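Novice: Before I ask anything, here is the structure I am working with.
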Amino acid sequence: MFNVKIVETTKEHEDAFAVRKQVFVEEQGVPLHLECDAEDASATHFIMYEDNDPVGAARLRSIDDDAAKIERVCILQDQRGKKLGALIMKEMEKYAILINKKKLKLNAQSYAIPFYEKLGYTVTSPEFMDAGIPHRAMEKMI
């Protein structure tokens with residue numbers, strides 16, 4: 001059973017960062033100082049568990065009165081292909097609606113654009129590099 005929740009405890013916070021570190025730092029080679037940034041302090045963090053094991057994480061930041069930005073969406077490698085990314089995205093979208101946001105923005109790694117398009121996001125920028133990885137900006141009205 002998979003469960004997505006907003007991070008509330010120190011353990012949940014540690015679990016979310018452990019997933020992010022494994023995916024972005026260890027697997028993709030993003031430097032730790034770029035992965036864990038100053039925005040972490042003000043973001044709302046999400047953690048996904050399978051039973052008691054952390055398997056996914058993401059964060060959401062309010063960027064203005066109407067918009068929020070989804071960042072650091074990740075699922076552990078051995079859990080991919082189970083539609084867990086869509087599950088965590090849907091929970092973040094529900095939360096964004098709850099806090100009266102009208103638009104969601106994100107910077108997708110270019111290989112993941114089809115995943116986000118299936119969820120209703122539209123590309124809004126040319127490709128750019130972030131942490132040595134090609135990305136494109138995307139957004140969705142909610």
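The values are calculated or read from the model by the stated rules, or taken from the named source; none is laboratory data. All values derive from a computational prediction rather than experimental measurement. Every residue, glycine as well, gets a Cβ built from its backbone with ideal geometry; the counts of neighbours run over all protein chains shown. Heavy atoms of the whole protein, side chains included, go into the accessibility calculation; ligands, DNA and RNA do not. Shrake-Rupley method; radii C 1.70, N 1.55, O 1.52, S 1.80 Å.
Novice: So how many residues does the stretch 60-88 have that are charged (D, E, K, R), touching a residue at least 40 places away in the same chain (Cβ under 8 Å) and either part of a helix (DSSP H, G or I) or within 17 Å of Leu98 (Cα to Cα) (or both)?
Specialist: Total meeting the criteria: 0.
Novice: In addition: Within the set of pairs 6 or more residues apart or between chains, which connect a residue that is among the basic types (Lys, Arg) inside the stretch 11-27 to a residue that is in a helix (DSSP H, G or I) and surrounded by fewer than 21 Cβ atoms within 10 Å (Cβ to Cβ) with Cβ atoms less than 9 Å apart?
Specialist: So the pair list comes out as Arg20/Glu35; Lys21/Leu32; Lys21/Glu35.
Novice: Related question: Of all residues in the stretch 28-46, which are without any contact (Cβ under 8 Å) to a residue 40 or more places away in the chain and assigned to a strand (DSSP E or B)?
Specialist: Start the filter on the stretch 28-46 by keeping residues that are without any contact (Cβ under 8 Å) to a residue 40 or more places away in the chain, which leaves 32-33, 36-43, 45.
The one that is without any contact (Cβ under 8 Å) to a residue 40 or more places away in the chain and assigned to a strand (DSSP E or B): His45.
Novice: Looking only at residues in the stretch 116-131 that are modelled with pLDDT of 95 or more and of a type in the set (Gly, Ala, Ser), which one is surrounded by the most Cβ atoms within 10 Å (Cβ to Cβ)? First the steps, then the outcome.
Specialist: First pass over the stretch 116-131, keeping only residues modelled with pLDDT of 95 or more: 116-129.
Applying the additional criterion that residues be of a type in the set (Gly, Ala, Ser) yields 120, 125.
Numbers: Gly120: 14, Ser125: 12.
Looking at the filtered set, the residue picked out is Gly120.
Novice: Would you mention how many residues in the stretch 7-59 are of a type in the set (Gly, Ala, Ser) and open to solvent by less than 40 Å² (accessible area, probe 1.4 Å)?
Specialist: Step one: filter the stretch 7-59 for residues of a type in the set (Gly, Ala, Ser), giving 16, 18, 29, 38, 41-43, 56-58.
Okay, now just the ones that are also open to solvent by less than 40 Å² (accessible area, probe 1.4 Å), so 16, 43, 56-58.
Of the residues in that region, 5 qualify.
Novice: I'd like to know if the stretch 43-61 contains one or more residues that are under 21 Å from Lys105 (Cα atoms) and basic (Lys, Arg).
Specialist: Taking every residue of the stretch 43-61 in turn, at least one turns out to be under 21 Å from Lys105 (Cα atoms) and basic (Lys, Arg).
A quick yes/no check of all residues on (1) in contact with a strand residue (DSSP E or B) (Cβ under 8 Å, 6 or more places away or on another chain); (2) of a type in the set (D, E, K, R):
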| residue | (1), (2) |
| --- | --- |
| Thr9 | no, no |
| Pro31 | no, no |
| Leu34 | no, no |
| Glu39 | yes, yes |
| Ser42 | yes, no |
| Asp51 | no, yes |
| Ala57 | yes, no |
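Novice: Another question about this same structure. Here are Lys69, Lys101: which of them is touching an Asp or Glu at 6+ places or on another chain (Cβ under 7 Å), crowded, with 17+ Cβ neighbours inside 10 Å and closer than 27 Å to Pro126 by Cβ? Write out each step before concluding.
Specialist: Working: Lys69 fails: touching an Asp or Glu at 6+ places or on another chain (Cβ under 7 Å).
So the residue among Lys69, Lys101 that is touching an Asp or Glu at 6+ places or on another chain (Cβ under 7 Å), crowded, with 17+ Cβ neighbours inside 10 Å and closer than 27 Å to Pro126 by Cβ is Lys101.
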